[in-house]
Every structure is written in structure tokens, then in C-alpha cells.
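The values are calculated or read from the model by the stated rules, or taken from the named source; none is laboratory data. No experiment lies behind these values; they were computed from the predicted model shown. A quick note on method: Cβ atoms are made from the backbone with ideal geometry, for glycine too, and the neighbour counts reach across all protein chains shown. We work out accessible area using only protein heavy atoms, side chains counted, and drop any ligands, DNA or RNA first. Shrake-Rupley method; radii C 1.70, N 1.55, O 1.52, S 1.80 Å.
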Amino acid sequence: MFPVFAPAILALADGTVFEGVAIGATGQTTGEVVFNTAMTGYQEILTDPSYRQQIVTFTYPHIGNVGVNREDVESGAVQAAGLIIKDLPLLYSNFRAEQSLDEYLRAHGIVAIAGVDTRALTRRLREHGAQNGAIVALPQGQAMTDAVRAEAVAAARSAPSMAGRDLVQEVTTPNAYEWTETEWRLQRADGTRGYGRLREPRFHVVAMDFGVKRNILRMLAERGCCVTVVPAKTPASEVLALRPDGVFLSNGPGDPAPCTYAIATAAQIIERGVPTFGICLGHQILALASGARTFKMKFGHHGANHPVQDLDTGRVSITSQNHGFAVDAFSLPSTLRATHVSLFDGTLQGIARTDRPAFGFQGHPEASPGPHDIAYLFDRFVALMAAAGK
């Protein structure tokens, strides 16, 4: 009556080994192991390009209970290197569900493990910091051995560090394209359901694709922006030749410091006075282009319950977060000011130029997944473009 799962292990670079059962594809994967505190949105998280080369641990114990569907994806592929969960429900149920999580992972060749004590794993990552790991999922009938465990630890230790890695080139679009799809609705006035289409564009936005999430593009389109998405290495001259009303610097994976091409492009665009908005990696690129510094965090911010305070209004918003690097608040030049801070650890969450119409936010305000509290930043970007066009 119940499925039989093959054995699997998770090995950390410090030699710690967790045993569980294999879900998804058979094989081995390596990456930086991080924990995510979100209770929902596992499909959006797995397809977020910002998770490239990371193995995601969910602290919420039951993952997979609503299945997966073709609409709740943030890119064209599963981007996470692997998945670690406590319990995989044997049944899934949702009116939009099309497939089980296990089937989805196997279809995309993603190695994952269930049955792990994710509380113990999370405590280790919090105390000692994010570290590389390896998941080994054995085929049915093969037993776990000490040799397999030793090989997994060796694989974890040999995996490259996230620091100093430019992963943007693995996720950026190879060619420019136009985006006009708007946000998802359960039911519109005309009786339709799902994503809409931009009918009357007010602004033209060029989005630098460092690993952009689709719902970010949808929220721009919802506000009247026809978006041209361009590859990460597009020079400033080509971006400006498109005559944008504004430029968006997208989210993305890895260390921002090696992305010198993006930093140079952002600096030139900002200097020209084009309204500019950066999210996540784009926020860090904007900071580096303005003379600030970034650093690697101990275990980063990954979740959908992070409180952030707007320093201009005092308002506290619950936000979605996914980053392992942050802007150094003590490195801001006179042309940058802090606008938001994390109420978890005091790290910088938002910046704005004092001399140009440019600002950035560290979290993911498009609420995919997560709360909608910080969506007003998209309205702020639109207001900058409207003011510049007068």
C-alpha cells in the first residue's frame, strides 16, 4: 500500500552525515546547504535562479502536500542543486495541482532527500554557518555503505565555495525578449482566471537579467511597464539605445563582486540619471556601482517571514528573502543612504542614491512566494519614471 523509497544520505563538509530516503532522481549532487523558513511556495523557491548551486533545506516539516503545477514556476527550470525535507506527504491535494513533488523532481533530474532531522540540520547551519554538502540518492536495492558515506563527505568538501563565484552567466537569458504578462488572478471581471496581458503600456523598462524571477516581471507589467529583458553582459550603450524610461537590475545567484561587467553597466546607467531599481543581487550591484562594499553572510536570509523596517516611515513589513551576501552598511559613500534594515540582525535591506533616481532592496518584494507587504517599492519605481518623464 505504501511506496518503498531507496536510501539516501546528506553529507556536510564538516563530516556530519544525515541519513534518509531518496526522492526525486537517483544520483549525487553538491552545493551550498542553506535553510529556508517559508511554510509555502516550495515550487517557486526551487525554480528561483537565486538558488543556483544551493541545496535548499525546508524547516517546515511537510513539503509537497499541494503538489506542483505549470503556473507556479519562477524560471524555465528547477534551479536549486538539491532539496532536503523532513516529510514527503504520500498524498497531495490542490485544485491547481498537476503532479506530485516527487514526480516533478524526477522529471527535472533533481536529487533530493526526505526523512532528515531538519531541525538538527538547521541548528548546525545557524551555529556554524552555511557550508557545502552532498546528497547521494541510491537506486532501489542498493544498500548504504561506509564507502558511500565517505565518498559523499569527500564530494561535499571538494565542492567550490560560493564566495568569488559569478553564477549569473549560468542563469541569464542568451537573447533579449519582451515581457507583457501580468499577475495571476483567481477570477477577473471577464470571468477568466490565470495570468493577464498588458494592454496599454505606459513605460518601457529594460531589465538586466541576472537570474530574474518571472513574478517580478509580472508585477512591473501589472503597473503598465512593457519590459525588455536583456542578457547580463549587455553594455550600457545598448541598454540606453533602447531608450528606456527605467532600468531594472534583477535578482540572481552567487557573489556580486565578480560581476564587474554588471557593475560597470549599472554605474553608467545611474550616472546618466535613468531611474533605476535593483532587487536582491541587483540591489548589491547597484551598491557596488555606487562605491559601497558587499560581504558574505554567515548563513544568509532565506524565508518568507523576515521583518524589515522602512527607515523613512517606520513601517515594518514582513518580507520574502533569499540571499547569502549583503551590502556593508558601514561602507556607504555620501551618495548612498540606508532606507531599510532587517529587524532580525540589523543588516542593510534597502538603499537609495541621494544624487540620482536609483534605489535597491535586498529582499524579494514580488511575493513569490511570500507576503505582499513590500510591493509598494514597485510603485515607487513607477513614480520615479513618471517624474522623470515630466
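Before moving on, here are some points about what is shown:
- Residue (of Val78, Thr29, Ala8) at the positive-pole extreme of the range 1-79, dipole from beta-carbon charges: Ala8
- Rounded, prolate or oblate (a/c below 1.5 giving rounded, otherwise prolate when a/b exceeds b/c) for the range 112-187 by Cα gyration tensor: prolate
- Lysine pairs in the chain with Cα atoms under 29 Å, if 8 or more residues apart or on separate chains: 7
- Solvent-accessible heavy-atom area per residue, rounded to whole Å², over the chain at 1.4 Å: 40
- Helix axis angle, 118-128 relative to the chain longest principal axis, alpha carbon, degrees: 60
- C-alpha long axis of helix 376-388 to longest principal axis of the chain, angle in °: 30
- Cα centroids of the range 332-389 and the range 1-65: 31 Å apart.
- Mean residue ellipticity (222 nm) of the chain, computed from DSSP H runs ≥ 4 via -39,500 (n - 2.57), nearest 500: -6500 deg cm²/dmol
- The residue list Tyr51, His128, Ile113 was ranked by how far each Cα lies along the charge dipole of the range 47-174 toward its positive end, using unit charges on Cβ atoms, and His128 comes out on top.
- For the chain, a Gaussian network of Cα nodes joined below 10 Å ranks Gly41, Gly291, Gly20 by mean-square fluctuation, and the top entry is Gly291.
- Of all accessible heavy-atom area on the chain, the percent that carbon and sulfur account for (1.4 Å): 50
- Helix 260-271 axis, angle to the chain major axis (alpha carbon atoms, nearest 10°): 30
- Only Cα pairs under 8 Å and 6+ residues apart enter the sum, and on that basis the relative contact order of the chain stands at 15 percent.
- If only the Cβ of Lys and Arg carry +1 and only the Cβ of Asp and Glu carry -1, the dipole of the chain around its Cα centre is close to 560 debye.
- DSSP bridge analysis restricted to the range 93-235 gives an antiparallel fraction near 45%, rounded to the nearest 5.
- Farthest toward the positive end of the dipole of the range 176-325, out of Asn322, Phe203, Pro231, is the Cα of Asn322, where the dipole comes from beta carbon charges about the Cα centre.
- Of the residues Gly27, Gly129, Gly194, the one that moves most in a GNM of the chain with alpha-carbon contacts below 10 Å is Gly194.
- Peptide packing for 208-218, 68-78, 175-185, 264-274 was compared via the average number of neighbouring C-beta atoms within 10 Å per residue; ordered from the highest value, the list is 208-218, 264-274, 68-78, 175-185.
- Here the dipole of the range 300-382 is about 160 debye; that uses its Cα centre as origin and unit charges on the Cβ of Lys and Arg (positive) and Asp and Glu (negative).
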